[in-house]
Amino acid sequence: MDLKKFEKKAAKKKHKLVKFLKKLDKVVPEDLPRLVKEEDAEGWKEIECLACANCCKTMTPTYTKEDIKRISAHLNMTPKEFKAKWLYKDETGDWMNTTQPCQFLDDKNMCTIYAIRPADCAEFPHHNKKPFNLYNDTFINNVHRCPATFELVNRLRKRVEREYEW
Ligand code: SF4
Ligand code: SF4
């Protein structure tokens, strides 16, 4: 995937997509879950995460206490050592990666701790969250970073504008 090309395309469309998501905060089509499911399935046909890894390259997961315990044990480290080596606590008290790309990403875009990765990574890009529209802020943050979120929101926008009085 050409991420530079994606960034350009997303930058051009971002305003339109953010406007759509903000409106979706107030006006919710009654069968939104079905629309999300259908358009998400179509969107993923265009995307291959292993050719992208932009989330691991440019964003940080939030580590829960359980994530830190599980991953540090796997690496034969104490949670304290793990945090000191790779994490920082942000202003809201969440533990985040100090650097990007993520230290666990290899040069083939693979996660070297895939089976025990943080829950936040396992749930990313959060398209299955319910109700979908409660996570609009997350999608607004990610629509220009995650090609899968871009595809979903753009497809959803076109569908809603086509089939509903919007
Ligand atoms: S989840 Fe999104 S940003 Fe992450 S690899 Fe897949 S398409 Fe890329
Ligand atoms: S832990 Fe794995 S999935 Fe999560 S950001 Fe790092 S490389 Fe990506």
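Quick look at the numbers
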| read-out | value |
| --- | --- |
| Inter-probe distance in nm under a simple model that places probes 7 Å from Cα toward Cβ, at W44 and R162 | 2.1 |
| Helix axis angle, 147-163 relative to the chain longest principal axis, alpha carbon, degrees | 20 |
| Ascending count of other beta-carbon atoms within 10 Å, so fewest first, for H15, H126 | H15, H126 |
| Only Lys, Arg (+1) and Asp, Glu (-1) charged, at Cβ; the chain dipole about Cα centre in debye | 460 |
| For the range 76-147, convex hull volume per residue from C-alpha positions, Å³ | 139 |
| Tilt relative to the chain, helix 32-44 - C-alpha long axis, 0 to 90 degrees, to 10 | 70 |
| Helix axis angle, 65-74 relative to the chain longest principal axis, alpha carbon, degrees | 50 |
| Ellipsoid equivalent to the chain - semi-axes via the Cα gyration tensor, in Å | 32, 17, 14 |
| Ranking of F104, F150 by count of other Cβ atoms within 10 Å, fewest first | F104, F150 |
| Debye log10 I(q)/I(0) at q = 0.19, 0.20, 0.30 Å⁻¹ for the range 62-118, Cα point scatterers | -0.66, -0.73, -1.40 |
| Label point at K8 placed 7 Å out along Cα→Cβ; residues across the range 133-157 whose backbone nitrogen lies under 11 Å | none |
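Where a number appears in this text, it was derived from the coordinates with a stated rule and is not lab data. Note that the structure is a prediction, hence the values are computed from the model and not measured. Don't worry about glycine lacking a Cβ; one is built from the backbone with ideal geometry, like all the others, and counts go over all protein chains shown.
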